[in-house]
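Notes follow once the structure below has been shown.
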Amino acid sequence: MSQLDPTLDPALDVSLPATPRRVGGRLRVPGWLALLLGNPKSRTGLVMVGFMVIVALIAPLISVAHPNDFNLLAVRQAPSWNHLFGTTDQGSDIFSQVVLGARRSLLLGAAAGLLATGVAAILGITAAYAGGIVDDVVNFLINVFLTIPPIPLLVVVSGYLKNRGMGTMIVVLAVVLWAFEARILRGQALSLKNRDFIQAAKVAGESTWRIVFGELVPNMISRIAAAFVLVFYIALLTDAGLEFLGLGDMSKTSWGVTLYWAQVNSTVLQGEWWPFFFPGAALAFTVLGLVLILAGIDEVSNPRLRSERTKRRRLVGMLLGGRLVARPEASA
Amino acid sequence: MTSLVEEPSVTRTRQATLLELRQLVVEYGSGDKRARAVDGVDLAIHEGEIVGLAGESGCGKTTIANAVMQILRPPGRIAGGSILFEGESLVGKSTEELRRFRWRNVSMVLQSAMNALNPVMRVGDQFVDAMRAHERIDRRRALARAGELLELVGIDRRRARAYPHELSGGMRQRVIIAMALSLKPELIIMDEPTTALDVVVQREIMQQIDALKRDFGFAVLFITHDLSLLLEFADRIAIMYAGEIVETASAERLGTNPQHPYTQGLLQSFPPLTGPLTRLTGIPGSPPDLRDPPSGCRFNPRCPYCVPEQSGLYLRQTTERPLLRTVEPGHEVACHLVEGAE
Amino acid sequence: MTTAAPLEVRSLSKRFAIGNAFRRAHVHAVDDVSFELRPGKITALVGESGSGKSTVARLLARLHDPSEGAVLFEGSDVSGVRRRRDVLHYRSQVQMIFQDPFGSLNPVKTVRHHIERPLRIHRIVPPAQIEERVHDLLRTVGLVPPAEIAAKYPYELSGGQQQRVAIARALAVEPKVFLADEPISMLDVSIRIGILNLMLRLKEERGIAFLYVTHDLASARYVADDILVMYAGQIVERGPIEQVLSAPLHPYTRLLLAAVPDPATKLQAQRIEMRKGLASAAVDPSEGCRFVTRCPLAIDVCSRVTPPLVEAQPEQAARCHVTAPSN
């Protein structure tokens, strides 16, 4: 049918269906969360991480003993009903250690991740966009921090920080790890900066701040999130080392500490797998969950991936009874 | 001044058919996302002629080129019809036979092929590579041939020692054309060979191709969206829309007497450089989604002659696919309006 | 009282440094360019890639700072202006659209976002009326139904629709000057006319001054009133477009005209003599005409003295010793 009058300007011919407007069912769910819940990978990831967080929160309720309790009568016991995850060489209950250790580990990883990634993003992206002397200075800083070997850096930083404990460790981790990510994010921002849509935003009159945070960063969410996960992972691995260097508090339990003692006592050589396995598995489980969430974040930052999953989202909506997940509705 | 146009070929002797497509169908995807990028295409290319294939993005013209060279990437696949080269079907051939076929019988110049040159190899060496992949020839002779070919396309033979980035875009494209000629194929498929180039360089290259064609006698399948270029250089032109060929005619006839409303619309989309200047309309709307094309004539949503008021015709236009019919010898159109003349 | 032309460019030059600290050279991307844009007129800036035409547009859009010369807006020079208030005022009057329709839109933002931002930044309408204004703008550029389009992401639109969104965004501030940098070269042929017609309509209805940068002479002829031909960073010919195209003075303009495939002149197609040479802006150019290596008319003085732009016909000027001599 020739419904289009050629004397008018050729108007729209919408051949694609409109994206259904998302409106909450019982619960009002923000768009990005709905997307993450819609993607099966990130949904799994959210569940996994959520589970770990809940475990950490209810830890005092479920751990049967104080993690540092000695019980020389029950040393090196394999997992049993009394000690679900077995005991250490000093008779401490590993289950309690893992469950209560989750608190410190998750907190350390998240805080270090946020701090390092935040600094890396702000410095790296702003330097890339602003160019000139700002870029030169930041670039110089990045190069300096990248070439300094981490251990001596740690020693120096720890000399300046008098307090010991979680805060110190978070700061130290951020100081050591920000430069690596900053360089990567700066590179990505540089390649985006000359894209026409950034130039167009400039011509429209946007301020530098708004361009960096409103236009550039949303296009870099995937990479920034990946940076966070990487720092989280490294933080947890180096946790024990840092504590041992005196930056932390060895009396508080965490996965890293448990792993450390397991290694020191050469438990595996003696056929005792449980002091390694359980904290290691907890760490791997958490990081795996985070990585799965990253898959969903790709959809947040690349709208093109979303429409391919509209059908599946509807299915999920049905499965969850349309309560927690936003129900797609015909567009206005 | 030498005329660029060959003498009108009214009494052209029947030449051998080089390439023939019969009801070719190429599909992408599966299930409800299946799309027919090429849907029942008939096309014939004879020795020594330049056939232009014109259409806009998504019409399937590049897919045809890929199908002929058998380089369709999955999920694309030939789902029907046949491709015959000198009478032999290409579809059944083994990998080895195809390898010999490619470059020797038919070669291809891709869009932006100038960016496909290996940046870390000298140009001459890339020639040698290509030639030795298809025939036994020693390096020295291959290099000598490369030099000759470069001169043929207007590049100093000493530049065979250059790296691709040292040459301009136009020169790189000419290198690609020279490479396409290196085994003296009978047919060269060119997919938008001059789109990324300036109009002056474009004309140089077109003139070069014309001259080479005279010397070597190859045929060309020239694929482009620039119909005005084809009207000048091609012998015959086929217009594609949404996976189908809607009109075929000699270049002269197409330019002076186009029958299909899409061809007419396309011609209306090129503002003239000389002569009176009137407000043009282009073609309203946009090409259809090939996963769910309009029923009947695929052009019907955009066709100025498809109006509900003409109910009989309208019904046919929206339900029946028009077939290619001969209007005059050498001029075929797939349009319900034209059929009515019989 | 004669009003100053909204935008005037005087002796504008832009040089880019290439090479490193040891071997530095300069590309003269734009060299001594002067022209003005008048309300309700479209001026075509035509040249090959590397001629400097896009750089001129970006200089006018204040995405680059000129190396020399002045950009005069409503009579006063804006090239050195830095204060946010003044920059914002300029941006509310001079807008731009780009060559790649998809690239000029932020892929993670909706159409509404793109058009809303300028409305908010320049406070064109109070917040309560923004939605309405966004819809109006979409209707103006022919994108209907506006509510549906506003919710879409760039990838959901066709090239032509994307470019219309870019035009709507530029129109939001109600500019006096509109810079269009090859707006149709990446669009399908049948869609180009629609965009060109839209530009014509905006020019006629709103009296906007357009700069239309292109390498395509035919489309330039269709929309423009005046033409500026650029070669290697310099303007080599200018004048009313019909006049220049029917009787071009500069050999380069003649070369361009002969090279364009024109369906209307198929049967008279002539082989043109062409010398080898690149049209890219000169690196550290020496004195003399930059076209001399490719010019069929070159005489001795051409390689020694840079020809000035001389008005050899009423309103038509060219930079050539032979066809527009300066005595």
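We did not get these values from a lab; they are worked out from the coordinates using the rules stated. Because the structure is a prediction, the values reported are computed rather than measured. Because the Cβ atoms are built from the backbone with ideal geometry, glycine has one as well, and the counts that use them run over all protein chains shown.
Observations, loosely collected:
- Between 0 and 90 degrees, the angle of helix B:95-104 with respect to the longest Cα principal axis of chain B falls at about 80 degrees.
- Sequence of A:Arg103, C:Arg85, B:Arg34, A:Arg186 once ranked by neighbouring C-beta atoms within 10 Å, starting from the fewest: C:Arg85, B:Arg34, A:Arg103, A:Arg186
- Note on A:Asp136 and C:Glu74: with the Förster distance fixed at 41 Å, the Cβ-Cβ geometry gives a FRET efficiency of about 0.65.
- Toward the positive end of the charge dipole of the protein assembly as shown, with +1 on the Cβ of Lys and Arg and -1 on the Cβ of Asp and Glu, the farthest Cα among C:Cys295, B:Leu24, C:Val56 is that of C:Val56.
- Positive minus negative residues near A:Leu57 (Lys, Arg vs Asp, Glu; Cβ under 14 Å): +2
- Inter-chain neighbour count for C:141-151: the average number of beta-carbon atoms from partner chains within 10 Å of each residue's beta-carbon is 4.
- Top of B:Val327, B:Val38, B:Val123 by mean-square fluctuation, Gaussian network on chain B, Cα under 10 Å: B:Val327
- Normalised contact order of segment B:54-138, rounded percent, pairs of Cα under 8 Å and 6 or more residues apart: 19 percent
- Once backbone amide H atoms are built at 1.01 Å from N, C:His26 has C:Ile18, C:Asp284 as its partners under 5 Å, excluding neighbours fewer than 5 places away on the same chain.
- DSSP-assigned coil residues among trypsin sites (Lys or Arg not before Pro) in segment B:71-136, each with at most 13 further Cβ atoms within 10 Å: B:Arg136
- For chain B, a crude dipole built from +1 on the beta carbon of Lys and Arg and -1 on the beta carbon of Asp and Glu, taken about the Cα centre, is about 1240 debye to the nearest 20.
- Relative to the longest principal axis of the Cα atoms of chain B, helix B:169-181 runs at roughly 90 degrees.
- For chain B, built as a Gaussian network whose Cα springs stay under 10 Å, the top-fluctuating residue of B:Val175, B:Val201, B:Val109: B:Val201
- Entry note, segment B:147-223: relative contact order of 34 percent, from Cα contacts under 8 Å with a spacing of 6+ residues.
- Charge tally in the Cβ shell below 14 Å around B:Pro75, where Lys, Arg are +1 and Asp, Glu are -1, B:Pro75 excluded: +4
- Principal-axis analysis of the Cα atoms of chain B puts helix B:139-152 at an angle of about 50° to the longest axis.
- Listed residue pairs exceeding 24 Å between alpha carbons, taken from C:Lys152/C:Lys203; A:Lys202/C:Lys53; C:Lys53/C:Lys152: C:Lys152/C:Lys203; C:Lys53/C:Lys152
- Assigned charges on the beta-carbon of Lys, Arg, Asp, Glu; segment C:1-144 dipole about Cα centre (debye): 480 debye
- Note on B:Lys93: aspartates and glutamates with a C-alpha under 17 Å away, same-chain residues under 8 apart excluded, are B:Glu20.
- In Hz, Karplus ³J(HN,Hα) per residue of segment B:87-93 (6.51, -1.76, 1.60; θ = phi - 60°; x = Gly, Pro): x, 9, 6, 7, 5, x, 5
- Calculated [θ] (222 nm, deg cm²/dmol) that DSSP helices of n ≥ 4 give over chain B, each run adding -39,500 (n - 2.57): -9000 deg cm²/dmol
- Proximal charge balance of A:Trp255 [Cβ under 11 Å; K/R count +1, D/E count -1]: +1
- Phi angles across segment A:211-218 convert, under the Karplus curve 6.51 cos²θ - 1.76 cosθ + 1.60 with θ = phi - 60°, into 3J(HN,Hα) values of 5, 5, 8, x, 10, 6, 4, x Hz, Gly and Pro given as x.
- Relative contact order (percent, whole number), segment B:203-301, Cα cutoff 8 Å, 6+ residue spacing: 18 percent
- Value of [θ]222 nm, deg cm²/dmol, for chain C, DSSP H segments ≥ 4, -39500 (n - 2.57) each, nearest 500: -8500 deg cm²/dmol
- Between amide H atoms placed 1.01 Å from N, distances below 5 Å from B:Ile50 occur with B:Val220, B:Asp235, B:Arg236, all of them 5 or more places distant or on a separate chain.
- Relative to one another, the C-alpha centroids of segment C:1-79 and segment B:95-151 are positioned 44 Å apart.
- If you run the Gaussian network model on chain B, springs between alpha carbon atoms under 10 Å, then out of B:Gly55, B:Gly147, B:Gly285 the most flexible one is B:Gly285.
- Built amide H within the under 5 Å cut-off of C:Tyr231, gap 5+: C:Val236
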